[in-house]
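The block underneath contains the structure these notes are about, expressed in structure tokens.
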Amino acid sequence: EGGELGYSLVHAFGAAFDNPDLVVACIVGDGEAETGALAASWNSTAFLDPVGDGAVLPILHLNGWKIANPTILARASDDELRQLFDAQGWSVEVVDARAWADDPGQVHRPLADAFDRAAAAIARIQTRARSDAADDRPRSPGDRLRWPMIVLRSPKGWPGPDEVDGLPVTGTWRAHQ
């Protein structure tokens, strides 16, 4: 089961390099996030030049399960996630769709707002770097203009059926694939 996982984020960076007008949105599942290749890719912010490169906007989708096991990052608190990704050059915004488990349509506005804030942050980083010809990257601790990323928390399989053939699906490993 599974496939060749772990390369989505590094491919997103590859597309953004030397392409200053491109913003690459990359959805990363929490199972994929546990692969070695992807875990290393989070550090690619070290190579992203806001003057000559585009930007990468990762959306880390935490639903708690990979093929048949729980995931590590989904069990981390929002503060732990912020600390982890802050060390790798990211500014994390969490959208927790679990609050709307009974009404999936309610997540659209908060998620759209998070995308708007991320786009504005990317524009500020690139404008600052391109107008000031700054050679510093938005990565150093305390830099308010760090590359944005979105963490979307949702139940596994949401908004699919809660049960199939008498077995629980939503929120369990059974929702995978």
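Only one residue of 173, 65, 11 has its Cα farthest out toward the positive end of the dipole of the chain, where Lys and Arg carry +1 and Asp and Glu -1 on Cβ, and that residue is 11.
Based on the Kirkwood approach, the hydrodynamic radius assigned to the chain is 17.1 Å, with every pair of different Cα atoms included. To put it simply, the accessible area of the chain at a 1.4 Å probe is 53 percent carbon and sulfur. Among 47, 17, the sequence by solvent-accessible area, most first, with a 1.4 Å probe is 47, 17.
Taking every DSSP beta bridge with both residues inside the stretch 1-106, roughly what % is antiparallel (nearest 5)? It would help to have the intermediate numbers written out before the result.
Numbers: 1 of 8 bridges.
Counting only bridges with both partners in the stretch 1-106, antiparallel ones make up about 10 percent.
Over the stretch 48-98, the reciprocal of the mean inverse Cα-Cα separation, the Kirkwood hydrodynamic radius, stands at 12.8 Å. Per residue, the chain exposes 52 Å² of solvent-accessible protein surface, assessed with a 1.4 angstrom probe and all protein chains in place. Note on residue 87 and residue 11: the extension gain reaches 25.2 nm, defined as 0.36 nm multiplied by sequence separation minus the Cα-Cα distance. Relative contact order of the chain, taken over Cα pairs closer than 8 Å and 6 or more residues apart, is 24 percent. Dipole magnitude for the chain: about 280 debye, using +1 per Lys or Arg Cβ and -1 per Asp or Glu Cβ, origin at the Cα centre.
The values are calculated or read from the model by the stated rules, or taken from the named source; none is laboratory data. This structure is a prediction, so every number in the text was calculated from the model and none was measured. Every residue, glycine among them, receives a Cβ derived from its backbone with ideal geometry; neighbour counts consider all protein chains shown. When the accessible area is computed, the model is the full protein with side chains, heavy atoms only, and any ligands, DNA or RNA have been set aside. Shrake-Rupley method; radii C 1.70, N 1.55, O 1.52, S 1.80 Å.
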